[in-house]
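Take a look at the structure set out below.
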Ligand code: ADP
């Protein structure tokens, strides 16, 4: 395909040049000598006085071969003799010499022009085809697994100065970038999942071996530990399944008209006892008449459950968690506010990434896999909303925010 495009461009350029050369050659062949003859004859009819004076007056005869043998001087020139001389064989000779000189120079010019045209066509065609070749090579490399491959683009141009090829190459690079990102995420996910599964499996296997070898007594505490690890694995698998469905937008939303209050109240009632048990105060701050939202009750409750559960996990005894909702422009702005351990600034932008945990050892104890917030983010985005977190820093508490558009009235 590459050579076809190159050939097409090359021969198109060459064809234009050849046509131009043929026209030039034929025109000069037909027109040049005719013009010359006409002008020469014209010259004979009206020779300029300066030329007439150069011939001796006694030159009455035209010698053979155009040679003159004058003897005397002093008489005026005879224009008829001059005319006869110039229009005789000399005229034919001059015409022949002129034509052969013109032909020779045209032939030389044609050969030279052809060589230059071929070189120029080769350069132009290869320049035009170069980006396509580069893209083909890059695509081949990407297909071979080199996802960092890119087509080179001029540094001194910005995007809206690109020509069609450069724009094509730019789009190709964007596509390569997103492929690279997907591949990185795939590898990372595989690595993370393997890592997450290895620890509980190793623990379960260790306990079972110790029981089989009778190194450990089969007592309830041992079984409880094994049960906990199996439970962790089950949660992880369920979370992963949910995450992959949410990220693939494969969760069908069962939309209904809801009031923000009912969602907050549901979360409040679900967690009330757990908060009491831990000694953390749970409060609700929602104005009475908030606009309705259009959403999937179960999924939005799941978001609030994830955020409220985290707030409980990361707020020590004596702390307070507030569930709030308020109207803001065309959205309902939900907030889960805690005065717990807070989040240092460097972690804020990663907090919604898969498997991201600020303190891995602590989260392991609390049973978290670092997927809850990623799922919450996907679910909010499925509702055309946004989710983000703010925190003044470690020990300063955190606020998890999300917005859901207000239901339209029609
Ligand atoms: P996990 O199951 O580990 O809680 P999440 O995705 O829900 O996973 O949370 C990711 C990480 O974000 C947690 O491990 C924790 O470090 C941090 N985090 C989440 N919520 C809070 C919070 N309210 N206060 C402080 N840190 C939090």
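Summary table below
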{"item": "Shape category assigned to segment 144-292 from the gyration tensor of Cα positions, a/c cut at 1.5", "result": "oblate"}
{"item": "Most fluctuating residue given options 106, 251, 387, as computed from a GNM of the chain linking Cα atoms under 10 Å", "result": "106"}
{"item": "Stretchable slack from residue 254 to residue 231, in nm (0.36 nm times residue separation minus alpha-carbon distance)", "result": "5.4 nm"}
{"item": "Computed label-point distance, nm, for sites residue 187 and residue 348 using a 7 Å Cα→Cβ extension", "result": "3.1"}
{"item": "Alpha carbon centroid spacing (whole Å) that separates segment 261-285 from segment 159-201", "result": "41"}
{"item": "Within a Gaussian network of the chain (alpha carbon springs, distance under 10 Å), most fluctuating of 388, 165, 20", "result": "20"}
{"item": "Listed peptides 274-282, 156-164 by packing density, highest first (mean Cβ within 10 Å)", "result": "274-282, 156-164"}
{"item": "Ranked list, fewest to most other Cβ atoms within 10 Å of each Cβ, for 333, 383", "result": "333, 383"}
{"item": "Stretchable slack from residue 8 to residue 157, in nm (0.36 nm times residue separation minus alpha-carbon distance)", "result": "50.8 nm"}
{"item": "Gain upon complete extension [residue 96, residue 328; 0.36 nm per residue less C-alpha separation]", "result": "73.9 nm"}
{"item": "Beta bridges per DSSP with both ends in segment 245-350, % antiparallel, nearest 5", "result": "70"}
{"item": "Where a label projected 7 Å from the Cα of residue 408 along Cα→Cβ would reach, residues of segment 319-352 with amide N under 18 Å", "result": "329-332"}
{"item": "FRET efficiency, residue 112 to residue 171 (Cβ-Cβ, R0 30 Å, nearest 0.05)", "result": "0.10"}
{"item": "Candidates 284, 19, 137, ranked by Gaussian network fluctuation over the chain, Cα under 10 Å, top entry", "result": "19"}
{"item": "Mean Cβ neighbour count within 10 Å, used as a protection proxy, ranking 205-218, 297-310, 83-96 highest first", "result": "297-310, 83-96, 205-218"}
{"item": "Sum of -39500 (n - 2.57) over DSSP H runs of 4+, divided by residues of the chain (222 nm, nearest 500)", "result": "-20500 deg cm²/dmol"}
{"item": "Relative contact order (%) - segment 312-408, alpha-carbon pairs under 8 angstrom, separation at least six", "result": "34"}
{"item": "Helix 33-45 vs. the chain, principal-axis angle (Cα, 0 to 90°, nearest 10)", "result": "40"}
{"item": "Fraction of beta bridges assigned by DSSP in the chain that are antiparallel (%, nearest 5)", "result": "85"}
{"item": "Nitroxide proxy distance, nm - points 7 Å out along Cα→Cβ at residue 83 and residue 38", "result": "2.1"}
{"item": "Mean-position separation - Cα centroids, segment 15-47 and segment 112-137, in angstrom", "result": "34"}
{"item": "Crossing angle, helix 2-27 versus the chain [Cα axis fit, 0-90 degrees, rounded to tens]", "result": "20"}
{"item": "Principal-axis tilt of helix 164-212 within the chain, Cα atoms, nearest 10 degrees", "result": "30"}
{"item": "Sites residue 150 and residue 194, calculated FRET efficiency, Cβ-Cβ separation with R0 22 Å, nearest 0.05", "result": "0.15"}
{"item": "Translational D in µm²/s for segment 110-229 (Stokes-Einstein at 37 °C, 0.692 mPa s, Kirkwood Rh from C-alpha pairs)", "result": "164"}
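Values in this text are rule-based calculations from the coordinates and carry no lab data. The structure presented is a predicted model; accordingly, all values stated were derived computationally and were not measured. Heads up, the Cβs are rebuilt from the backbone with ideal geometry, glycines too, and the neighbour counts pull from every protein chain shown.
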